[in-house]
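Below is one structure, written out as structure tokens; the observations come after it.
The values are calculated or read from the model by the stated rules, or taken from the named source; none is laboratory data. Note that the coordinates shown come from a computational prediction; the quantities given were computed from them, not determined experimentally. Here the Cβ is made from the backbone with ideal geometry for all residues, glycine too, and neighbour counts use every protein chain on show. Ligands, DNA and RNA are excluded from the accessible area calculation, which covers all protein heavy atoms including side chains. Shrake-Rupley method; radii C 1.70, N 1.55, O 1.52, S 1.80 Å.
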Amino acid sequence: MHNLTKFSVWSQWSLREQLTGIEFPGIYCIAISEDNFSGHDFDWSENINYIGMTNSTSGLKGRLKQFDNTLKGKTGHGGADRFRYDYPNYDQLVSKLFVSVKYFICDVRTNLPSDLLVMGDVAKHEFECFAKFVEMHKRLPRYNDKQNTKKFSLTFGRQL
């Protein structure tokens, strides 16, 4: 049985690498708020603009780094590319960006049944998070809604 963690307290985006468990796979929720969410207990706030998951060998830390790099203008994360369409100025966005994570302890490099089951739990939990958010807010988080948001790279990127 894997470690059932709960979502972390909200963290300022710039301090995300200090979150416990980010070396493991898991789920991450990203919120945009003018209010300081730092240190507040996780809740299903309407300010959540993205829910994501990773089973990558670099864990949550690596996936959040990809997200950050895409916000800065590189490629690699589709959700962050949709953020960038509305927030092309990195510095203006990150001052109001917050993240909360839920990690799952396993070794993604093995094919052990116990680790494979945990990785499946991560993927399943992402959809449970979507369902919880939709149940509460009657919509997906803004940048998970691929039909109603545009990617920066597909709109402006070709002109650069």
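Annotations for the structure displayed:
- Normalised by the number of residues in segment 28-152, the average gap of Cα pairs under 8 Å and 6 or more apart makes the relative contact order 35 percent.
- Rounded Å value of the spacing that divides the Cα centres of segment 9-45 and segment 99-157: 15 Å
- Ranked by the mean number of other Cβ atoms within 10 Å of their residues, highest first, the peptides 74-81, 146-153 come out as 74-81, 146-153.
- Spatially close Lys pairs in the chain, defined by Cα atoms under 16 Å apart and a spacing of eight or more places or different chains, total 12.
- Global geometry of segment 1-82, whether rounded, prolate or oblate, following the gyration tensor of its Cα atoms and the 1.5 cut on a/c: oblate
- Highest average packing first - 118-124, 51-57, Cβ atoms within 10 Å: 51-57, 118-124
- Computed accessible area, CYS129, all protein chains, 1.4 angstrom probe, square angstrom: 0 Å²
- The HN-Hα couplings worked out from phi for segment 98-108 by the Karplus form 6.51 cos²θ - 1.76 cosθ + 1.60 (θ = phi - 60°) are 10, 9, 9, 10, 10, 9, 10, 7, 6, 10, 6 Hz, whole numbers, x standing for Gly and Pro.
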